[in-house]
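The values are calculated or read from the model by the stated rules, or taken from the named source; none is laboratory data. The structure presented is a predicted model; accordingly, all values stated were derived computationally and were not measured. Cβ sites come from the backbone with ideal geometry, for glycine too, and all protein chains shown count toward neighbours. Each accessible area value is taken on the protein alone, full model and side chains, heavy atoms only, with ligands, DNA and RNA left out. Shrake-Rupley method; radii C 1.70, N 1.55, O 1.52, S 1.80 Å.
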Amino acid sequence: MRVVGAAGGSGGDTELTRPHCRPRHPGARTMLPLLLLLLVPARGQDPKLYTPALSNLALGGLTTASTFVLDQPRCVFPDSLSDAVIWLVVAADPQGVLSFNNTLEPGSPTSAYQLFPGSTSAYMTLNTTLLNYPCPKADGEIAVLRVGSETSCQRDNTRPTCNGPLPGPGPYRVKFVAWDNSGPVAETKWSEPIPLRTATPWNNNPRADRGHSAAMIALTSVLTILFAALLAGLVAMLVCWGSDTCGVSSTFSKPEAVTVQRYNTHHVYDHPPARL
């Protein structure tokens, strides 16, 4: 420790300083909590800010005539909702979005899948706990949900929360809602409209496809005619070989029948052998 005189040369005031001691940066106290937050995995965002969407993975059948694939809501709901059940709401757009009542208990008879979309325009399905949506997602993990993949419960009225095939091309909109014993406690935004695939009529094919089909038909017709001509020539050749009407050379003609008459020789006798 050393004594440093105050400014002005008076020795009355002194300042005590420690050797090798530097003043602390003003922002050091605020940076430390931020660093600690980076080290602790968090669930990311408020559910009200999350919008469900189709998966951006290169998957086959991302949308089909009766199903579509969503990203799982990872790092969306806070850990404080670990005892809640996360439900997926599927609604017909737009009437299901406008009439959806988030206080209606999941699986109630009036909002069963089997009544969708006739008597109800929205239903809840794919219920699970936050444990099945761990955060963060492991590298290489495919975290998706296929909506409409269950066929066994499609007509089972005892399964009102069935994840059954979607009944038409849509479009549909979805959202996630967290329920506990007291009711809904958190929910996400509605997704953008999700249309499904529809079969394309044969007469709606592009012009290029029609031209390609016409060329194939012409080529097939030409090949059929050539094959028929070749077959006719082969049959004619076989007929000519089997008859004399085509002027076939004698080499290939039938041999004429030869009649051999038998003669008896007269006055011809066997002579005894000459004696020596």
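How many percent of the accessible area of region 44-97 is carbon or sulfur, using a 1.4 Å probe? Could the numbers behind the result be given before it?
Numbers: 1310 of 2360 Å².
C and S atoms contribute 56 percent here.
Between residue 58 and residue 71, with labels modelled 7 Å along Cα→Cβ, what's the label distance in nm to one decimal, could you check?
Using points 7 Å along Cα→Cβ, the separation is 1.8 nm.
Roughly how many whole Å is it from the C-alpha centroid of region 45-108 to that of region 123-174?
Here the answer is 9 Å between Cα centres.
Suppose a student asked you for the relative contact order of region 81-123, using Cα pairs under 8 Å spaced at least 6 residues apart; what percent would you report? Could the numbers behind the result be given before it?
Working: 34 pairs, mean separation 19.4, N = 43.
Averaging sequence separation for qualifying contacts and normalising by length gives 45 percent for region 81-123.
Name the residues whose placed amide hydrogens come within less than 5 Å of the amide hydrogen of residue 185, ignoring near sequence neighbours (fewer than 5 apart) on the same chain.
When sequence neighbours closer than 5 places are left aside, the close amide H contacts are 178, 179, 180.
For labels at residue 229 and residue 152 in the simple 7 Å Cα→Cβ model, what's the distance in nm?
6.3 nm
Around residue 171, what is the net charge, scoring Lys/Arg as +1 and Asp/Glu as -1 over all other residues with Cβ under 11 Å from its Cβ? Intermediate values should be presented prior to the final figure.
Values: positive: 173; negative: 93, 192.
Surrounding charge for residue 171 is -1.
Hey, what's region 51-135 come to in accessible area per residue, 1.4 Å probe, Å²?
For region 51-135, the per-residue accessible area is 45 Å².
With θ set to phi - 60° and the Karplus curve 6.51 cos²θ - 1.76 cosθ + 1.60, what are the ³J(HN,Hα) couplings of region 173-190 in order, to the nearest whole Hz, using x for Gly and Pro?
9, 10, 8, 9, 10, 9, 10, 10, 5, 8, x, x, 10, 6, 7, 9, 6, 6
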